[in-house]
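Working notes, structure below.
Read-outs: derived from the displayed coordinates by stated rules, not from any lab. The structure presented is a predicted model; accordingly, all values stated were derived computationally and were not measured. Cβ sites come from the backbone with ideal geometry, for glycine too, and all protein chains shown count toward neighbours.
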Amino acid sequence: MDDKKYWIGFNLIKGIGAVRMQALIQYFSDLEAAWNAAPAELAEAGLGKKLIERVVQARESVDLEKLWEKIEKQGIKILTWQDESYPQRLKEIDQPPPVLYIRGEYLADDLFAVAIVGTRRVTPYGRQITEELSAFLAANGITVISGLARGVDAIAHQSALKAGGRSIGVLGSGVDKIYPPEHRSLAEQMMERGAIISDYAPGTPPDATNFPPRNRIISGLSLAVVVIEAGETSGALITAEFAAEQGREVFAVPGSILAPQSKGTNKLIQKGALPLLSVNDLMQALDLTRVGEHKAARKIIPADETEARLMNVLGSEPLHVDEIRNQSELPIEKVSASLALMELKGMVRQVGGMNYVAVREEQSDYSV
């Protein structure tokens, strides 16, 4: 067993998130040393009195060996920042979750993902749009991500699986606490052809306060977020806000100005979200029309002018995605989508913190 049990230990302590976890790693070099550190050392690392008390209490009450064994028996996989298989797209967001708990498999191809979210009180109109959009995306090799909730979320997952694609559900509880309970069968299917993911430790109940923060993971794993239907206070709007902050494209399905379920989506469009009038709007905006080809390709040859321009900007020195956007003079959504494709093809490599380098084969100029 590696040091992941210490990541889990700190993940159990309320108040220790991405910022404090990073501070502990910087001060102690590894979390095993931090877990065994004296209170005075924890204070030097930046923890306050109450947090130190919680760490001491956790050390006394939690048997990390037994906890690790239980997690393994449940078939739960653990990914931390230090794992190469940690979702690359999620690493790009501000304060990515230090620990992810996964049942099923997160694959490299899941970089090509779109989140579909919306109201629990879905109308026949919303159901039809959700089914058609999810099925189309899945049939074209794009993973459908949502939150396993009633309504739009469940329809999106079900439709993607029915179309033979992959789907990922992000939970507001531990991955061993499926909520709502009637979606257990759906969750089992997703574990076979996708995954359920949470940054909450196993055993965590589905508390109402857990759901808004998990929405940042739904958007963080995705190239774009599509809001199908949403009331004025819908949780789907929180996901859209996170998406905008993370530089993801936000699409909203327009609806009747008289329908309560369309008030939120219509307001999103008013504020600048792209109206989704056809699935082609989404595919073209994100350059997803050739996902199948890109997944199969691994040659370090630019497929189009966008890739050629990005390769001419990138070199052996890490360059931040914002600077890549500035130098290439391309829209951020096109830069992000193309870099994801190019990384899978082996053309570029992300070296952390949204910084990229080119992977070249003795070629100095790229043109198409």
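Tabulated data for the structure shown
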quantity: Computed FRET value (nearest 0.05) for K271 with E317, which takes r as the C-beta separation and R₀ as 45 Å; calculated: 0.75
quantity: Rounded if a/c under 1.5, otherwise prolate or oblate - the stretch 56-124, Cα gyration tensor axes; calculated: prolate
quantity: Anisotropy class of the chain from Cα gyration tensor, a/c 1.5 cut; calculated: oblate
quantity: q = 0.10, 0.12, 0.16, 0.18 Å⁻¹, the stretch 104-285: log10 I(q)/I(0) [Debye, one scatterer per Cα]; calculated: -0.32, -0.47, -0.87, -1.12
quantity: Proximal aspartates and glutamates to K73, defined as alpha-carbon separation beneath 17 angstrom and excluding residues fewer than eight positions away on the same chain; calculated: D2, D63, E65, E105, D176, E188
quantity: Relative counts (whole %) of C-alpha pair distances in the stretch 1-73, using bins that are 10 Å wide; calculated: 20, 58, 20, 2
quantity: Distant-in-sequence amide H partners of K177 (H built 1.01 Å from N, under 5 Å); calculated: G203
quantity: Normalised contact order of the stretch 1-93, rounded percent, pairs of Cα under 8 Å and 6 or more residues apart; calculated: 30
quantity: Of all DSSP beta bridges in the chain, antiparallel share, percent nearest 5; calculated: 40
quantity: By average C-beta atoms within 10 angstrom, highest first, the peptides 147-156, 256-265; calculated: 147-156, 256-265
quantity: Entries in K162/K263; K162/K334; K4/K70; K5/K91; K267/K334 that, when Cα-Cα distance is taken, lie over 18 Å; calculated: K162/K263; K162/K334; K5/K91; K267/K334
quantity: Directionally averaged projected area (convex hull, Cα atoms, the stretch 297-358), nm²; calculated: 3.6
quantity: Rg in Å to one decimal, and Dmax rounded to a whole Å, for the stretch 95-189 via C-alpha atoms; calculated: 12.9, 39
quantity: Highest-first arrangement of 347-358, 274-285, where packing means the average Cβ count within 10 Å; calculated: 347-358, 274-285
